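K.L.:
Sending over a structure as structure tokens; questions will come in a sec.
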Amino acid sequence: MQAIVILISGRGSNMEAIVERCAAEGWPARVAAVIANRADAPGLTFAAARGIATAVVEHRAFATREAFDDALAAAIDAHAPDLVVLAGFMRILGERFVQRHAGRLLNIHPSLLPLFPGLHTHQRALDAGCKLAGATVHFVTPALDHGPIVIQSVVPVLPGDDADALAARVLATEHQIYPRAVRWFVEGALRIEHGVVRQRDGAAQLHAALGGAA
């Protein structure tokens, strides 16, 4: 039974999706803890109501990023996780932290990486005239929003879209692909070859919602 620790900063809707799918599908894993960098993160209430351990490592309490990273790593390691999942965790993690969890640290980013790393991804996609948008689950490396890609989702950019409408359409697909990627990891179905992630069973690593729905 593998242990998963999930990091959030707010509601943690992807965390909710992972918790629910883990229970419903009987993964060989459990969500051992949900840790937030904000005490008012609503996702903590969701996790606690389901009997999941919660903790807060408030980033504003630390003078440096390195000190925060060290405290966060200690809180994570208390649960001896096999996998650490970033689910809307809005802090940039330092190289030492990333290397400490290398190969067992996943993130989801709301763009088709390597396009549009960083913030404001949906508006940037609209400004660029993209006809497709989506999300990417990837292994975390020290470079921001880079790392071997596990799975991507793709949705159409529709006439009249604004950033909020596009974000909602992409988020619906995030709730599909992130639990899928986490399940693959805990089932040992992922391997990285020359920087490319392969799914052991040949499952599709692209989720297309070209009708506009998840």
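The values are calculated or read from the model by the stated rules, or taken from the named source; none is laboratory data. Since the structure is predicted, the reported quantities are computational estimates derived from the model, not experimental observations. Cβ coordinates were reconstructed from backbone atoms using ideal geometry, including for glycine residues, and neighbour counts include every protein chain displayed.
K.L.:
Looking only at residues that are on the phi < 0 side of the Ramachandran plot and over 17 Å from the mean Cα position of the chain (by Cα) in the range 74-93, which one is surrounded by the fewest Cβ atoms within 10 Å (Cβ to Cβ)?
P.N.:
Checking each candidate, the answer is Ala74.
K.L.:
I need every pair where a residue in the range 84-99 that is assigned by TED's automatic domain parsing to the domain that holds Asp70 and under 18 Å from Tyr178 (Cβ atoms) has its Cβ under 7 Å from the Cβ of a residue that is at pLDDT 95 or above and among the hydroxyl-bearing types (Ser, Thr, Tyr), sequence separation at least 6 or different chains.
P.N.:
Correct list of pairs: Gly88/Ser9; Phe89/Ser9; Met90/Ser9.
K.L.:
So which residues in the range 100-123 are touching a residue at least 40 places away in the same chain (Cβ under 8 Å) and in a helix (DSSP H, G or I)?
P.N.:
Passing the criteria: His122, Gln123.
K.L.:
Any idea which residue in the range 61-77 is farthest from Pro28 (Cα to Cα), counting only those that are without any contact (Cβ under 8 Å) to a residue 24 or more places away in the chain and small (Gly, Ala, Ser)?
P.N.:
Among those that are without any contact (Cβ under 8 Å) to a residue 24 or more places away in the chain and small (Gly, Ala, Ser), it is Ala63.
K.L.:
Determine which single condition Leu210 fails, assuming it passes every other condition in (1) more than 16 Å from the chain's Cα centre (by Cα); (2) part of a helix (DSSP H, G or I).
P.N.:
So Leu210 meets the others, but not (2).
K.L.:
Right, another one. Kindly check whether there is at least one residue in the range 183-193 that is touching a helix residue (DSSP H, G or I) at 6+ places or on another chain (Cβ under 8 Å), closer than 15 Å to Gly88 by Cα and outside the structural domain of Ala23 (by TED's automatic domain parsing).
P.N.:
No, every residue in the range 183-193 fails to be touching a helix residue (DSSP H, G or I) at 6+ places or on another chain (Cβ under 8 Å), closer than 15 Å to Gly88 by Cα and outside the structural domain of Ala23 (by TED's automatic domain parsing).
K.L.:
If you scan the range 119-144, which residues turn out to be within 14 Å of the chain's Cα centre (by Cα), surrounded by fewer than 22 Cβ atoms within 10 Å (Cβ to Cβ) and not hydroxyl-bearing (Ser, Thr, Tyr)?
P.N.:
Within the range 119-144, the subset within 14 Å of the chain's Cα centre (by Cα) is 134-141, 144.
Next, from what is left, pick out any that are surrounded by fewer than 22 Cβ atoms within 10 Å (Cβ to Cβ): 141, 144.
Listed by number, the list holds a single entry, Leu144.
K.L.:
Just to check your reading of the model, which residue among Val170, Val197 is assigned to a helix (DSSP H, G or I), under 25 Å from Val98 (Cβ atoms), among the β-branched types (Val, Ile, Thr) and at pLDDT 95 or above?
P.N.:
Exactly one of Val170, Val197 is assigned to a helix (DSSP H, G or I), under 25 Å from Val98 (Cβ atoms), among the β-branched types (Val, Ile, Thr) and at pLDDT 95 or above, namely Val170.
K.L.:
Count, please, the residues in the range 154-195 that happen to be among the small types (Gly, Ala, Ser) and in contact (Cβ under 8 Å) with a residue 60 or more places away in the chain.
P.N.:
Count: 1.
K.L.:
Another question, if that's okay. Based on this model, can you work out whether Ala67 counts as within 25 Å of Arg183 (Cβ to Cβ), outside any strand (DSSP E or B) and in the same structural domain as Arg91 (by TED's automatic domain parsing)?
P.N.:
For Ala67, the condition - within 25 Å of Arg183 (Cβ to Cβ), outside any strand (DSSP E or B) and in the same structural domain as Arg91 (by TED's automatic domain parsing) - is not met.
K.L.:
Any residue at all in the range 138-150 that's part of a loop (DSSP other than H, G, I, E, B), polar (S, T, N, Q) and touching a helix residue (DSSP H, G or I) at 6+ places or on another chain (Cβ under 7 Å)? Explain how you work it out, then say what you get.
P.N.:
If we filter the range 138-150 for residues that are part of a loop (DSSP other than H, G, I, E, B), which is where we start, we get 140-148.
Checking the rest, the ones that are also polar (S, T, N, Q) come to 141.
Right, trim to touching a helix residue (DSSP H, G or I) at 6+ places or on another chain (Cβ under 7 Å) and you get 141.
Checked against the condition, which is being part of a loop (DSSP other than H, G, I, E, B), polar (S, T, N, Q) and touching a helix residue (DSSP H, G or I) at 6+ places or on another chain (Cβ under 7 Å), the range 138-150 yields at least one hit.
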